[in-house]
Structures are given as C-alpha cells and as structure tokens.
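The values are calculated or read from the model by the stated rules, or taken from the named source; none is laboratory data. Predicted model, so just to flag it, every value in this text is computed and none were measured. For neighbour counting, all protein chains shown are included, and Cβ atoms are generated from backbone atoms with ideal geometry for every residue, glycine included. For the accessible areas, the whole protein counts, side chains as well, though only heavy atoms, and no ligand, DNA or RNA atoms are used. Shrake-Rupley method; radii C 1.70, N 1.55, O 1.52, S 1.80 Å.
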Amino acid sequence: IGDFRLYHEVIPDFVGLLRLQAGNIQAWGGSTLRFNDQFQGGPNYVRGFRQNGFGPRDLTSYTTQDSIGGTNFWAASAELQIPLHFVPKDVGIRAAIFADAGSVWGYKGPVSVPGETMIYADSKLIRSSVGAGLVWDSPFGPLRFDYAIPLTKESYDIVQEFRFGGGTRF
C-alpha cells in the first residue's frame, strides 16, 4: 500500500488537502487469498459509498450479493477546509468541500462451491463523488459530518450519502 498526503494553506486559514492511495495484495507461497485479506471499497476511499459498498461483488442469484473484495485499489481525494467566520475560532469547526475518485478490482478467490459456480462482477469503473462536510476538533477528538453525492457508480454499488465519523479522514 502506498499513501501520499499533502496539506497546503491556500490562503490564511484555508487549507487544501490532497491524498493519493494505491495498493496491491498477492497470496504468499501459492496459497489463495481470503475474503478478509482483499481490499474493500467504501468511504475510506470514496465518500458517498457504504463500507464495502463498491468493488467486486457476488451477484449469484439467491445470495446476499456481498462484497468479495479485490487485489488492487487506487483512490484520490481533494479537499478544501474553510473556516466558519461566524463561529469563534476556538470552537474548532471548519467546513469542507471535497471530490473523491477511486476503484477496487481484481478478485482472486474461490469462484465455486460444491454444486454451484459464483457469478460475480469485477469492474474497473472509476467511482467518484463530490460533497461537503463539517470538521470539528472536539474535546473527544476530531469528528466529521460528511454529505457526498456519488457521480459514477455501478448498478450494484451501495451508496451512503451521509456519514458521521471519528478521527481524521485524511
């Protein structure tokens, strides 16, 4: 996994953020990868999608159509954090606008069980979104409230436009 982050003060108190990520995973010694070892597409890569919301998916009839993960991923995020001048600076609340894009692909796992072959989708389509949020440096640690609208997605992807999270996005 590679993860590159850049923070830059565009003008006083306006901070631009850029994050680029990519990863590849391979099995060791001829073994196969487990589901849990593969990359799962979600809001940590592209906001606006549910956890495990995009990437390779089991589409076999009469199944729950779960995410099955992929061996490759990339993601890019650009964000501008803006001070809210009507809120005292000591409160620690900023607005953010952002754009995200990324993809997860390359499923390398079992494709059949006795008596049935799995039908799965493994698209390299770029998932993308734009949105806005609030970032609060609370006494309990950083909190985020994001609203993202997916711009590109597959028909089987699962969106989640609103997200609340603790810790930092970047």
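Some observations on this one:
- Scattering curve values for the stretch 33-82, log₁₀ I(q)/I(0), Debye with Cα scatterers, q = 0.15, 0.31 Å⁻¹: -0.46, -1.20
- The stretch 86-145 and the stretch 16-67 have Cα centres lying 11 Å from one another.
- Split the accessible area of the stretch 13-82 by element, probe 1.4 Å, and carbon with sulfur accounts for 54%.
- In a reduced charge model with +1 at each Lys and Arg Cβ and -1 at each Asp and Glu Cβ, the chain shows a dipole moment near 80 debye about its Cα centre.
- Rounded, prolate or oblate (a/c below 1.5 giving rounded, otherwise prolate when a/b exceeds b/c) for the stretch 1-50 by Cα gyration tensor: oblate
- Two-site FRET efficiency, SER61 against PHE4, from Cβ-Cβ distance with R₀ of 41 Å, rounded to 0.05: 0.50
- Among residues other than PRO83 with Cβ under 15 Å from its Cβ, the summed charge is -3 (Lys and Arg +1, Asp and Glu -1).
- Placing unit charges on the Cβ atoms only, positive for Lys and Arg and negative for Asp and Glu, gives the stretch 111-159 a dipole magnitude near 140 debye about its Cα centre.
- Cross-link reach is defined here as a Cα-Cα straight distance under 20 Å, omitting same-chain residues fewer than 8 places apart; for LYS108 the lysines meeting it are LYS124.
- Between GLN26 and TRP136, the FRET efficiency from the beta-carbon distance, with R0 = 41 Å, is close to 0.55.
- For the stretch 73-170, accessible area per residue (1.4 Å probe, heavy atoms of protein chains only), Å²: 56 Å²
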